[in-house]
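Down below is the structure, laid out as structure tokens.
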Amino acid sequence: MREYKLVVLGSGGVGKSALTVQFVQSIFVEKYDPTIEDSYRKQVDIDGQQSMLEILDTAGTEQFTAMRDLYMKNGQGFVLAYSITSQATFNDLVELREQILRVKDMDKVPMVLVGNKCDLEDDRVVSKDQGQTLSQKWDCTFLETSARKKVNIDEVFFDLVRQINKSMPEKVCSSLTEFLLKN
């Protein structure tokens, strides 16, 4: 079974934990409790392949930015989340993406741009067009989600796994397996 390391990033209060917990446990977390770091594991079937997803739900607060380089170095795919009710959370993602590309020393990494809280249409300040335009500029998937209503939650994580599979096809044998077979 192939394992995937996915990292959920974004400003504080955009719903990173709500997205992650809704995906892993199918429950909506109503209260806001700032995260330092939580890790979740979930086995899923994606396109007929059993996969183990290790999802790192990161801190959105500035005081934990030193930990970010490590998340970014080890992550294979990234969810960049903002709230459709906050322009600042959308704007913050530009710097986060640049940091990911810098840490990974790559021009492109598997990434999904997520506009969360699409159930709060009356409070919207970031248009769907803004999200689509940014995702086209970054050449990545864009989805609007609602952790509360479970809209597009599975799609975010499944799309990320598909992108990883395209960019890093599974090696036939891991180096450990090869080592064990030779010795």
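The values are calculated or read from the model by the stated rules, or taken from the named source; none is laboratory data. Given the structure is predicted, the values throughout are model-derived calculations rather than measurements. Using ideal geometry, Cβ is built from the backbone for each residue, glycine included, and neighbour counts are taken over all protein chains shown. To get the accessible areas, we keep the full protein, side chains included, count just its heavy atoms, and leave off ligands, DNA and RNA. Shrake-Rupley method; radii C 1.70, N 1.55, O 1.52, S 1.80 Å.
Remarks
- Net charge contributed by nearby residues that have their C-beta within less than 15 Å of LEU134 (K/R +1, D/E -1): -2
- Protein-only accessible surface order, largest first, of THR89, THR133 at 1.4 Å: THR133, THR89
- Computed with every protein chain present, the accessible area of MET72 is close to 0 Å² [probe 1.4 Å].
- Compared with the dominant Cα axis of the chain, that is its longest principal axis, helix 16-25 is turned about 60°.
- Of all lysines in the structure, those lying under 16 Å Cα to Cα from LYS104, and not within fewer than 8 positions of it along the same chain, are LYS5, LYS73.
- Computed [θ] at 222 nm, helices only, for the chain once each DSSP H run of length n ≥ 4 contributes -39500 (n - 2.57): -11500 deg cm²/dmol
- Nonpolar atom fraction for the chain, defined as the carbon and sulfur part of the 1.4 Å probe accessible area, stands at 51 percent.
- Reachable lysines, given that their alpha-carbon falls under 20 Å from the alpha-carbon of LYS117 and they are not under 8 places away in the same chain: LYS16, LYS31, LYS128, LYS149, LYS150
- For segment 110-160, the relative contact order is 48 percent, taking Cα pairs closer than 8 Å that sit 6 or more residues apart in sequence and dividing their mean separation by the residue count.
- Cα gyration tensor shape of segment 1-150, rounded if a/c is under 1.5, else prolate or oblate by comparing a/b with b/c: rounded
- 18 Å Cα-Cα reach of LYS108 towards aspartates and glutamates, excluding residues that sit fewer than 8 places from it in its own chain: ASP69, GLU95, GLU98, ASP139, ASP159
- The value of relative contact order for the chain, using C-alpha pairs under 8 Å at least six residues apart, is 23 percent.
- Rolling a 1.4 angstrom probe over the protein heavy atoms with all chains in place gives the chain an accessible area of 54 Å² per residue.
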